[in-house]
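Right, one structure below, let's go through it.
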Amino acid sequence: MSNWLVHGNAVLSGTVSAQGSKNAALPVLAAALLVEEPVTLLNCPVIRDTENMLRILESLGCTVTREGNALIVDSRTADRFVLPTVLSGELRSSIFLLGSVLSRFGEADAPYPGGCEIGNRPIDLHLEGLRCLHAEIEEHGGRIRCKGALSGAVVDLDYPSVGATENIMLAACRAKGQTTIRNAACEPEIVDLQNFLCACGFRVRGAGTPSITVDGISHGHGTTYRIMPDRIAAGTYLVGAAITGGDVTVTGMQPGAVDTLLYKLAACGCDVAQTADSVRVRRTGRARGIAFTETRPYPGFPTDLQPQLFSLLSVSDGTSALIENVFESRFRHAQELRRMGAKNRILDRTAIITGVERLHGAQVTAHDLRGGAALVLAALAAEGDTEILRAERIERGYERMDSVIGRLGGSIARKENSIGKEEKTR
Ligand code: UD1
């Protein structure tokens, strides 16, 4: 467990480069198992979720070599189809391995996946998709057992689930015949997965649209691939400029992937300027509230940026409404922000936020990854210091957030546990 002490009254200013994308790296790592040759990945973020995924791959027999953000996954040595219980329980994305393990070994045995507590996160669409590809699936004693030689089919998703779309893409790559996924999720990370799969020789097209087609082939080949930049981490630091009245530029990002956020920041009164691969956000004076924002699957406003926008609206002038359509209980940061003096009410999936002039420091808890990041932003803008408990949850997705904030002029002191050493970064 790790607690962070965030110093308030910060004004974030400067330039940082975007980290590699967590949500792109995780399915790409699962895909490495489909390729029985070494795969080199560049720009892979060093975060808890990717570390856990790598440890799961190792437990299946893969050999992993890592040097900073570059790594080689060699799955030639993989020889196990049973996913480890404890590690998989920590990472929801371990579910991606079901499709690739099944495809590679004709058999897969996995526990139910873990991950952030942001609501009931069923995996029915993943399992239905694999059943469509003719897998036999038994759910028994908290485990999922899949068997069978996969063959192509048309899979109609009831909802454009990101994970289910990716899992079915992975399962279909080596299946016999053609698979079409209808009502597929359109997130940029799905395009990145397709780009990786195609670089390995697999035949996938249509990612980024609601219809994805995969023509199965018997095997792929090794490649070197650069993971796309993380739009959510980039967006988080841009909201940091807005909430602290600062001036932050994020380079090496894809501005188009966060255009819904940039639109909201402009509506709040920020100056937003972009080039082909960077965004600068500046704010002087108090931000304005936004009457209405709702989260939607891509290209709608991302649920993964809702908590950060929530923090910004908590100190913006006027009353704002935020509707969370994607996950049913993703407002746990609301009660923590109230401890810091924020005014908000939650009615089912709607948050009504009345902006206050200033938040104040308090002891708060990070209940999930993005909610934790939102608390860091609120704490930077607050009067006084804030202690964030369970901050290790933030490290699931942000690469050394304390150093990045330090480079922008903020300050976060890490305490590894209640009696552990304190390490300050500025
Ligand atoms: C992915 C992202 C996560 C993001 C989310 C939505 C990764 C590693 N994680 O999560 O950061 O917040 O997309 O953009 O890429 N659902 C079902 N049945 C299923 C699967 C999903 O009902 O079988 C529901 C979920 O409960 C949720 C909604 O669909 O309410 C969206 O989930 P999904 O798109 O699958 O998100 P994840 O892939 O888990």
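Computed from the coordinates by the stated procedures, all read-outs in this text should not be read as laboratory data. Everything numeric here is computed off the predicted structure, so don't read it as measured data. Because the Cβ atoms are built from the backbone with ideal geometry, glycine has one as well, and the counts that use them run over all protein chains shown.
Taking the DSSP bridge list for the chain and keeping only pairs wholly inside it, about 70 percent are antiparallel.
Once C-alpha pairs closer than 8 Å and six or more residues apart are averaged by separation and normalised to the residue number of the chain, the relative contact order reads 20 percent.
For the chain, a Gaussian network of Cα nodes joined below 10 Å ranks Pro160, Pro122, Pro188 by mean-square fluctuation, and the top entry is Pro122.
Sorted largest first, the spans of the alpha carbon positions of region 266-362 along the three principal axes are 38, 32, 23 Å. Between Thr319, Thr40, Thr275, the residue with the greatest mean-square fluctuation in the GNM of the chain (Cα pairs under 10 Å linked by springs) is Thr275.
Name the residue from Gly220, Ile405, Met340 whose Cα lies farthest towards the positive end of the charge dipole of the chain, charges +1 on Cβ of Lys and Arg and -1 on Cβ of Asp and Glu. Working it through, the farthest residue towards the positive pole turns out to be Met340.
Put simply, the amide H of His367, placed in the peptide plane, has neighbours under 5 Å in Gly372, leaving out anything fewer than 5 places away on its chain. Hey, what do the phi angles of region 374-386 turn into as Karplus ³J(HN,Hα) couplings, whole Hz, using 6.51/-1.76/1.60 and θ = phi - 60°, x for Gly and Pro? Whole-Hz 3J(HN,Hα) from phi for region 374-386: 5, 5, 4, 4, 4, 5, 4, 7, 7, 7, x, 9, 10.
Amide H to amide H distances under 5 Å link Asp156 with Arg182, where only residues 5 or more positions off or on other chains count and H is placed in the peptide plane. With Cα atoms as the point set, the radius of gyration and Dmax of region 22-226 evaluate to 15.1, 41 Å. In whole percents, the pair-distance distribution calculated for the chain from its alpha-carbon pairs, binned every 20 Å from zero, is 28, 55, 17, 0.
Taking 1.567 mPa s as the viscosity and 4 °C as the temperature, the Stokes-Einstein diffusion coefficient of region 114-233 based on its alpha-carbon Kirkwood radius rounds to 86 µm²/s. Each Lys or Arg adds one and each Asp or Glu takes one away; over the other residues whose Cβ falls under 11 Å from the Cβ of Glu36, this sums to +1. For Arg288, nonlocal amide neighbours, meaning residues 5 or more places apart or on other chains whose placed amide H falls under 5 Å from its own, are Gly269, Asp317. Centroid-to-centroid, using Cα positions, region 244-284 and region 294-320 are 15 Å apart. Each Lys and Arg contributes +1 and each Asp and Glu -1, all at the Cβ; summed about the Cα centre of the chain, the dipole is approximately 640 debye. Neighbour counting of Cβ atoms within 10 Å sorts the residues Tyr398, Tyr263, Tyr225, Tyr112, fewest neighbours leading, into Tyr263, Tyr112, Tyr225, Tyr398. Among 343-352, 4-13, the peptide with the highest mean count of other Cβ atoms within 10 Å heads the list, and the full ranking is 4-13, 343-352.
Listed values for region 134-146 are Karplus-derived 3J(HN,Hα) couplings in whole Hz (6.51 cos²θ - 1.76 cosθ + 1.60, θ = phi - 60°), namely 6, 7, 9, 10, 10, 10, 7, x, x, 10, 10, 10, 10, and x replaces Gly and Pro.
Rounded to the nearest 5, the antiparallel percentage of DSSP beta bridges internal to region 115-211 is 60%.
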